[in-house]
Amino acid sequence: TFEYSNVIEVEIAEPLTFSLEQNYPNPFNPVTSIQYAISSRQFVQLKVYDILGNEITTLVNEEKPAGNYVVGFKPESSIKQPASGVYFYQLKAGDYIQTKKMIFLK
């Protein structure tokens, strides 16, 4: 006889590569989400810069295990009076470095 089970097993694999996704939504106001993946335990830094390359804030600055992550960015919490415009976010994890741009509209 065959018995049905209520147990469903799903294996979620660790990411095979490092990646930094485009923030969503973009353009954004008042908050946006930044998703990234790391394939091995690494010290991770995720920073936001203004158009001139000045560091605005550090969103992540710690060792992380392999996995997928989502971080929120709300300019009002980092900048006294944030201006509409282009900002950049950069992920550094080991030898991996990637930068993307996002647009904040007031």
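The values are calculated or read from the model by the stated rules, or taken from the named source; none is laboratory data. Because the structure is predicted, anything quoted here is derived from the model rather than measured. Heads up, the Cβs are rebuilt from the backbone with ideal geometry, glycines too, and the neighbour counts pull from every protein chain shown. Please note that ligands, DNA and RNA were not included when accessible areas were found on the heavy atoms of the full protein model with its side chains. Shrake-Rupley method; radii C 1.70, N 1.55, O 1.52, S 1.80 Å.
Considering the range 73-93 alone, what residues qualify as being open to solvent by less than 50 Å² (accessible area, probe 1.4 Å) and either under 14 Å from L20 (Cα atoms) or not in a loop (DSSP other than H, G, I, E, B) (or both)?
F73, P75, G85, V86, Y87, Y89, Q90, L91, A93
When you scan the range 80-91, do you find a residue that is closer than 20 Å to K106 by Cα, among the basic types (K, R) and more than 11 Å from the chain's Cα centre (by Cα), even just one?
Checked against the condition, which is being closer than 20 Å to K106 by Cα, among the basic types (K, R) and more than 11 Å from the chain's Cα centre (by Cα), the range 80-91 yields at least one hit.
Can you work out which of the residues in the range 46-59 that are open to solvent by 50 Å² or more (accessible area, probe 1.4 Å) and of a type in the set (S, T, N, Q) is farthest from Q22 (Cα to Cα)?
The selected residue is N54.
For the range 60-69, what are the residues that are open to solvent by 50 Å² or more (accessible area, probe 1.4 Å) and modelled with pLDDT of 95 or more?
N61, E62, E63
Just give me the residues in the range 94-106 being of a type in the set (A, V, I, L, M) and either in contact with a helix residue (DSSP H, G or I) (Cβ under 9 Å, 6 or more places away or on another chain) or surrounded by 13 or more Cβ atoms within 10 Å (Cβ to Cβ) (or both), in sequence order.
M102, I103, listed by residue number.
Within the range 17-44, restricting attention to residues that are in contact with a Ser or Thr (Cβ under 7 Å, 6 or more places away or on another chain) and among the polar types (S, T, N, Q), which residue is most open to solvent (accessible area, probe 1.4 Å)? Let's see the steps before the verdict.
So the first thing to find is which residues in the range 17-44 are in contact with a Ser or Thr (Cβ under 7 Å, 6 or more places away or on another chain), and the list is 17-18, 23-26, 36-37, 39.
Subset that is among the polar types (S, T, N, Q): 17, 23, 26, 39.
Numbers: T17: 87, N23: 5, N26: 60, S39: 33 Å².
Among those residues, the one meeting the criterion is T17.
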